[in-house]
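**Student:** Attaching a single structure in structure tokens format; questions to follow.
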Amino acid sequence: MSSANLAVEVKGLVKSYTGKKTGKKVAVDGIDLSVKSGEIFALLGPNGAGKTTTVEILEGYRDRDSGQVSVLGQDPNNLGIHGSAWRNRIGIVLQSTKDAEDLSVKEVVHHFAKYYQNPKDPDLVIADVGLSEKMNARVNTLSGGQRRRLDVALGIIGRPEILFLDEPTTGFDPEARRAFWELILKLKAEGVTILLTTHYLDEAEALADRVAVINNGKIIEVSTPQTLGGRNNAKALVSWLENGKKTSIQTDNPTDEVKKLTARFTGEIPELSVTRPTLEEIYISLIGETHE
Amino acid sequence: MSNGVLKIGIHRGALEIKQFTRQRESVVFTMLFPVMLLFIFGSVFKDTLAPGVTFSQYFISGMIASGLVNTGFQQLAIMIPIERDFGTLKRLRGTPISPVSYFMGKAILVFTAMLVQVGALLLFGVLFFNLHLPSTSEKWFRFFWLVLLGSICSTVLGIAFSCVPKSGRGASAVVSPIVIVLQFFSGVFFVFSTLPKWMQEFAAFFPLKWLTQGMRSVFLPDSFAVKEVAASWEVSRILIALLIWLVVGTALALKTFRWSDR
């Protein structure tokens, strides 16, 4: 893969913080990442794994201790006079903010459009994020989900080539989350590269082309959601009740096992189930291993 | 591109003013509080300091000077930490906006709030407290450069000081006492020449003392100059003091301003 096709390239990224009481804490401990242009890439990990630190370094908010970083061909920590032009090409949706409370949705989006060289039509963006009915509402009257959609509107108003989304759906109800996912997929269809952090597995599964699992500042695995942790090749678990005891067997051929059981038992096999590991179980085992 | 910086700065100024007028507390604080103080002090202290100079005239000169400090230094040093807490600055940092445009927006806000506050004080002073508007074009000219230099100094110092409060919540508790103490020391609430010497000398390090003295030179008769500590208005020293603070304040603002709180 040539680096021309990469929207983000990270090699050996390290960042630590020094707290007064806690001493030195390594937040990001040697991360390598590459995000292809046009893909949705998810950074998945528990709270405190280093997701936000990583993304904030990519967004140009934080400096780093070592490593190489390139976002749209620029080093976010060494932009010099290219800062404004670079920021014109990126969109950022931060974790919760409380700004612009006294303005209306329309006023905020129209105002932010002025910062960019080739902005989208503000009213269309408001419609895209589903806030048309709230156009004239003050920002402080919006619900959490509406507020987040406004954040996205401000993230995409400048027609970004890459959009950073930091835990975009935290606190959403399921319906709002689905509506939000549709919006993100629509942006992908427009060709926007999207880097999102989340601790929701279903979100990574629904959206991401590729997932990086991160814990304790290290990348544990990078793959598609379907193959994460060898999920696609994982053995199935057949379990049943026999002689009052829960019995189970791991197998590559669950159908054969069930056939054997059918032959042994007359009638119903008590508490029979066939399961494969969910993404969640894979994830928990991945995260668990690194805690040792 | 610099054209864009200017244009966006003006847009930000308009937005800042819009936000300001929608925060009832800030409007009340800026508009009514100084006028209220004027009424209280003007009604309580009825002394005559010299022929043709009442305490309320003396006080109002100081309050106009204070208005420059309130709307610039105090307002910004409280407002910017709150914006930092609320994520306003972080969001702006992620857009192509230049910090210069942000500062311009603040300067436009300060200048507007200041015109309103000084205008209100002048109006009430003339209507109820026998305040005399400047009598000569020279005094009007001096009034304008005092307002201009004073508000710019006040703005840059407010931006510079905004890095001191640790959080938006505590900002008012850090900033307001400083302003009130300076007002006492600089001869706003008391006649400056009657203050202890050490207080006068301390106040002379800060711009408010020079602004109050300058405003007195504009609003009080020249015969009163002999009652000043230096027995003169010291107009050129006022100008020099303000210019020094302008340079120091700008340098500090540029050096200390942070978009985020890390």
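Taken together, the values in this text are just the output of simple stated rules run on the coordinates, not laboratory data. Computed from a predicted model, the values in this text were never measured in an experiment. A quick note on method: Cβ atoms are made from the backbone with ideal geometry, for glycine too, and the neighbour counts reach across all protein chains shown.
**Student:** Residue by residue, what Karplus-based ³J(HN,Hα) values in Hz, rounded to whole numbers, does the range B:42-50 have, using 6.51, -1.76 and 1.60 with θ = phi - 60° and x for Gly and Pro?
**Tutor:** Result, ordered by residue: x, 7, 7, 9, 10, 4, 9, 7, 6 Hz.
**Student:** Considering amide H positions built from the backbone, and no H for Pro or chain starts, which residues 5 or more places from residue B:54, or on another chain, come under 5 Å of its amide H?
**Tutor:** B:49
**Student:** How many percent of DSSP beta bridges within the protein assembly as shown run antiparallel, rounded to 5?
**Tutor:** Close to 65 percent.
**Student:** Suppose only helical runs count, i.e. DSSP H with n ≥ 4. What mean residue ellipticity at 222 nm does that imply for chain A under -39500 (n - 2.57) per run, divided by all residues and rounded to the nearest 500 deg cm²/dmol?
**Tutor:** Result for chain A: -9000 deg cm²/dmol, rounded to the nearest 500.
**Student:** Stick to the Cα atoms of the range A:1-160, pair each with every other, and give me the Kirkwood hydrodynamic radius in Å at one decimal.
**Tutor:** 17.5
**Student:** Once the Cα atoms of helix B:2-22 and of chain B are each reduced to a long axis, what angle between those two axes, in degrees from 0 to 90 to the nearest 10, is obtained?
**Tutor:** 70
**Student:** Run through all the Cα pairs of the protein assembly as shown and give the fraction in each 20 Å bin from 0, expressed as whole percent.
**Tutor:** Pairs per bin, as whole percents: 18, 39, 26, 12, 4, 1.
**Student:** Based on Cα positions only, what radius of gyration and what Dmax would you give for the range A:231-291, in angstroms?
**Tutor:** Cα-based Rg and Dmax for the range A:231-291 come out at 14.0, 46 Å.
**Student:** Can you give the three extents of the C-alpha atoms in the range B:110-262 along their principal axes, from longest to shortest, in whole Å?
**Tutor:** 54, 35, 27
**Student:** With all pairs of different alpha carbon atoms counted, what Kirkwood hydrodynamic radius in Å does the range B:50-148 show?
**Tutor:** Evaluated over the range B:50-148, this radius sits at 15.7 Å.
**Student:** List the GluC sites (Glu not before Pro) within the range A:185-221 that fall in a DSSP loop (any state other than H, G, I, E or B) and whose Cβ has at most 14 other Cβ atoms within 10 Å.
**Tutor:** Filter output for the range A:185-221: A:190.
**Student:** Let me ask something else. Rounded to the nearest 20 debye, what is the charge dipole size of the protein assembly as shown about its Cα centre when +1 sits on each Lys and Arg Cβ and -1 on each Asp and Glu Cβ?
**Tutor:** Dipole size: approximately 1320 debye.
**Student:** In whole Hz, what ³J(HN,Hα) sequence does the range B:228-236 give by Karplus (6.51, -1.76, 1.60; θ = phi - 60°), x for Gly and Pro?
**Tutor:** 6, 4, 8, 6, 7, 6, 6, 4, 5
**Student:** Taking amide H positions as placed in the peptide plane 1.01 Å from N, state which residues far from residue A:214 in sequence (5 or more) or on other chains have amide H under 5 Å from it.
**Tutor:** A:44, A:45, A:220
**Student:** Which far-off residues, 5 or more places away or on another chain, put their amide H under 5 Å from the one on residue A:7, with H placed in the peptide plane?
**Tutor:** Residues meeting the criterion, in which the H sits 1.01 Å from N, are A:35, A:36, A:37.
**Student:** Gap in Å between the Cα centre of the range B:189-205 and the Cα centre of the range A:229-275?
**Tutor:** 91
**Student:** Roughly how tilted is helix B:207-219, in degrees to the nearest 10 and between 0 and 90, from the longest Cα axis of chain B?
**Tutor:** The helix B:207-219 is inclined about 50 degrees to chain B.
**Student:** Rank these for me by crowding, A:61, B:58, going from fewest to most other beta carbons within 10 Å.
**Tutor:** Least crowded to most crowded, the residues run A:61, B:58.
**Student:** For chain A, which longest stretch is free of loop sites, where a loop site is one of the trypsin sites (Lys or Arg not before Pro) that DSSP puts outside H, G, I, E and B and that has at most 12 other Cβ atoms within 10 Å?
**Tutor:** A:22-292
**Student:** Can you sort B:162, A:273, B:151 by how many other beta carbons sit within 10 Å, fewest first?
**Tutor:** If I rank by nearby Cβ atoms, fewest first, I get A:273, B:151, B:162.
**Student:** Over what distance in Å are the Cα centres of the range B:1-62 and the range B:111-134 separated?
**Tutor:** 9
**Student:** Residue by residue through the range B:141-150, which ³J(HN,Hα) values in whole Hz follow from phi under the Karplus form 6.51 cos²θ - 1.76 cosθ + 1.60 (θ = phi - 60°), with glycine and proline marked x?
**Tutor:** 4, 5, 4, 5, 6, 4, 5, 5, 4, x
**Student:** Could you give me the percent of Cα pairs per 5 Å distance bin for the range A:117-214, shortest bin first, beginning at zero and ending with the bin that holds the maximum distance?
**Tutor:** 2, 12, 25, 25, 19, 11, 4, 1, 0
**Student:** Continuing with the same structure: Kirkwood hydrodynamic radius, computed over distinct alpha-carbon pairs, for the range A:1-72: how many Å, to one decimal?
**Tutor:** The Cα-based Kirkwood calculation yields 13.0 Å.
**Student:** Let me check I have the definition right: for the range B:2-256, take the eigenvalues of the Cα gyration tensor, multiply each by 5, take square roots. What are those semi-axes in whole Å, largest first?
**Tutor:** Equivalent-ellipsoid dimensions as semi-axes: 32, 18, 17 Å.
**Student:** Here's a follow-up. For the range A:189-227 and the range A:1-67, compute the distance between their C-alpha centroids and round to whole Å.
**Tutor:** Value for the Cα centre distance between the two parts: 14 Å.
**Student:** What does DSSP give for chain A in terms of the percent of beta bridges that are antiparallel, rounded to the nearest 5?
**Tutor:** 65
**Student:** Averaging over every viewing direction, what projected area does the convex hull of the Cα atoms of chain A cover, in nm²?
**Tutor:** 20.8
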